[in-house]
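Worksheet: one structure, shown below.
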Amino acid sequence: MTGVQTCALPIYYTLLQIVEAEATGGDVLSKLLVANVVLNRVKDSHFPNTISEVVWERVDGSAQFSPTADGRISSCEITDSTVEAVDLALEGEDNSQGALFFVARDSASPGNVQWFDTALVRLFAYGGHEYYTFREYCE
């Protein structure tokens, strides 16, 4: 692991892990956007109010972030670009347009993609992810 000590604050480390697992190989902006979604959820009343609870949330038995279900969150190596992105997000940089969800359409199950397409509003795409919010937030 580069750039971060293993004794880092658990909440900070959880955010680093989910960002790295979701955006491995992405640029700083890709990683910043993932961090922004987590932080946007913390602030939104539809979701839990801590980073750890957001990251590990399950709805009807389904993980909200696939790396918590498939184990990638525990096996990724935190890179310097992830540390940079998470630090920027925690300092207030937000390029997410208020996104609360994202999906990598090419690797997601068709059922999940269909839910995104029918239940949410697409805001934009970047770095292999599409970003969404609730319909009522756009009306």
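The values are calculated or read from the model by the stated rules, or taken from the named source; none is laboratory data. All of these numbers come straight from a predicted model, not from anything done at the bench. Using ideal geometry, Cβ is built from the backbone for each residue, glycine included, and neighbour counts are taken over all protein chains shown. For the accessible areas, the whole protein counts, side chains as well, though only heavy atoms, and no ligand, DNA or RNA atoms are used. Shrake-Rupley method; radii C 1.70, N 1.55, O 1.52, S 1.80 Å.
Here's the picture: a label point sits 7 Å out from the Cα of S45 along the beta-carbon direction, and within the stretch 99-139 nothing has its amide nitrogen under 11 Å of it. Along its three principal directions, the equivalent ellipsoid of the chain from the Cα gyration tensor extends over semi-axes of 23, 16, 15 Å, largest first.
The value given for the stretch 100-139 is a Kirkwood hydrodynamic radius of 10.2 Å, derived from the mean inverse Cα-Cα separation.
Taking the longest Cα principal axis of the chain as reference, the axis of helix 80-90 is set at about 60 degrees.
In the context of the full set of protein chains, the chain has a per residue accessible area of 52 Å² (1.4 Å probe). Applied to the stretch 132-139, the Karplus parametrisation 6.51 cos²θ - 1.76 cosθ + 1.60 on θ = phi - 60° returns per-residue 3J(HN,Hα) values of 9, 9, 5, 4, 5, 7, 10, 8 Hz, with x for Gly and Pro. Here, P(r) means the percent of Cα pairs in each 10 Å bin from 0 to the largest distance; for the stretch 36-117 it is 15, 44, 37, 3. Across the chain, Cα pairs under 8 Å and at least six residues apart give a relative contact order of 27 percent. Short-range pairs are left out: with C-alpha atoms under 8 Å and at least six residues apart, the relative contact order of the stretch 88-133 is 45 percent. About its Cα centre, the dipole of the chain is roughly 260 debye, where the only charges are +1 on Lys and Arg Cβ and -1 on Asp and Glu Cβ.
Computed from Cα atoms, the angle from the helix 10-23 axis to the main principal axis of the chain rounds to 60 degrees. Using a 1.4 angstrom probe on heavy atoms only, work out the carbon and sulfur share of the accessible area of the chain in %. Of all accessible area on the chain, carbon and sulfur atoms account for 50 percent. Using Cα-only point scatterers and the Debye equation, what is log10 of I(q)/I(0) for the stretch 76-131 at each q in 0.31 Å⁻¹, rounded to two decimals? Log10 I(q)/I(0), no solvent term: -1.20.
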